[in-house]
Structure formats: C-alpha cells, structure tokens
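A quick write-up on the structure given underneath.
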Amino acid sequence: MRAGELAAVRVRLEEFTSEVFAPLVRRDWLASRVRTEEALRRLWGCRARLVMAPEDIAAQRAMGDAAYTLCVLMGSPAAREAVIVAQRRLAVPAP
C-alpha cells in the first residue's frame, strides 16, 4: 500500500471511529479544566522527550501512558481525537 493510500485509510478509520464512539461519550463526564491542562501538558512533554530520544523505551512508555490518560479523560478512543477535544475544551473561556 502506498503512502497516499495509507493516509486515506487512516482518515476513513478516524472518521468511522468518531462516528461510532461519539454517541457513547457523555460530555458531562469529562475531566476538569485543570486536569485537562495537566494531561495535555504531560503529553506534549512526553512527545518532546520522545523526539529527543526515539529509541528510549521509558520515553515510549511515558508517551503511551500520557496518550492513554488523555483518551480516557476526553472520552475518546483515539489520541489524535483526544488532543483535539482537549484543545477545543481549553479554547472556551472558563465560566
């Protein structure tokens, strides 16, 4: 499979995942704003660490843990979608 075909499959899979799981997520169960900021900051920190040392097993595990935590907090089955939900949530001014 070529890179373009693979990218198209990934996009279709992400769209399908969003369509299937979105109705199952209760937005009132989302984490607090502070916890969302902490999880997103942790994910970016782990990402930076992984960029500096891609073969570091501890960095890989930390990135996986941070991504999983954000997915759980945002009620999303995919890390990319969880990041988008978290960023949108934080873009809205706090009440």
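Scoring ALA94 on the criteria (1) under 18 Å from SER32 (Cβ atoms); (2) among the small types (Gly, Ala, Ser); (3) part of a helix (DSSP H, G or I) leaves a single failure, condition (3). Here are ARG27, ARG41: which of them is within 27 Å of PRO95 (Cβ to Cβ) and at pLDDT 95 or above? One residue alone meets the criteria, ARG41. Taken together, ARG80, ARG61 contain a single residue that is open to solvent by 50 Å² or more (accessible area, probe 1.4 Å) and either touching a strand residue (DSSP E or B) at 6+ places or on another chain (Cβ under 9 Å) or in contact (Cβ under 8 Å) with a residue 60 or more places away in the chain (or both), which is ARG80.
The values are calculated or read from the model by the stated rules, or taken from the named source; none is laboratory data. Since the model is a prediction, treat every value here as computed from it, not as a measurement. Here the Cβ is made from the backbone with ideal geometry for all residues, glycine too, and neighbour counts use every protein chain on show. These accessible areas exclude ligands, DNA and RNA; they are computed on the full protein's heavy atoms, side chains included. Shrake-Rupley method; radii C 1.70, N 1.55, O 1.52, S 1.80 Å.
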